[in-house]
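Everything on this sheet refers to the single structure shown next.
Bear in mind these aren't lab numbers, they're just calculated from the coordinates by the rules spelled out. Just so it is clear, the model here is predicted, and its values are computed rather than measured. Note: ideal-geometry Cβ built from the backbone for every residue, glycine included; neighbour counts use all protein chains shown.
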Amino acid sequence: MYSTDPEFKFENSPGQEESTLAPGIQKLSVRLDTKQRAGKSVSLVEGFIGTSGDLESLGKALKGFCGTGGAVKEGLIIIQGDQRDKLLQWLLKNGYSKTRKY
């Protein structure tokens, strides 16, 4: 991002990560996406607030539970295929109570 304002400051300066919220407070949403993926579907888990390390470990746990591949990019957990029911089941079992499925 570029700004001509000399007083401009980024809100999230590098090196300052948010602390991870407790699972019961997280407001996660699970949805299916096929855009720009050559017709293949992926399940997205979004809305996680916390450190990138905790996001990576959550993504790894979800991939292992579903038995599929995936990735963690730009604050999203991407799981291959339509795994919405499995993801929702795992999240609710592990204390993520405010989870929505789309």
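A few remarks follow.
- Subset of the range 90-102 (residues that are surrounded by 13 or more Cβ atoms within 10 Å (Cβ to Cβ) and either of a type in the set (D, E) or farther than 17 Å from L21 by Cβ (or both)): W90, K101
- All positions within the range 29-41 that are of a type in the set (K, R) and either in a loop (DSSP other than H, G, I, E, B) or over 12 Å from L76 (Cα atoms) (or both): K35, R37, K40
- Given (1) touching a residue at least 40 places away in the same chain (Cβ under 8 Å); (2) out of contact with any helix residue (DSSP H, G or I) (no Cβ under 6 Å at 6 or more places or on another chain); (3) hydroxyl-bearing (S, T, Y), number of the condition T34 does not satisfy: (1)
- Matching strands (runs of 3 or more DSSP E) fully within the range 42-102 where at least 2 residues are free of Cβ contacts under 8 Å to residues at least 24 places away in the same chain and not small (G, A, S): 70-73
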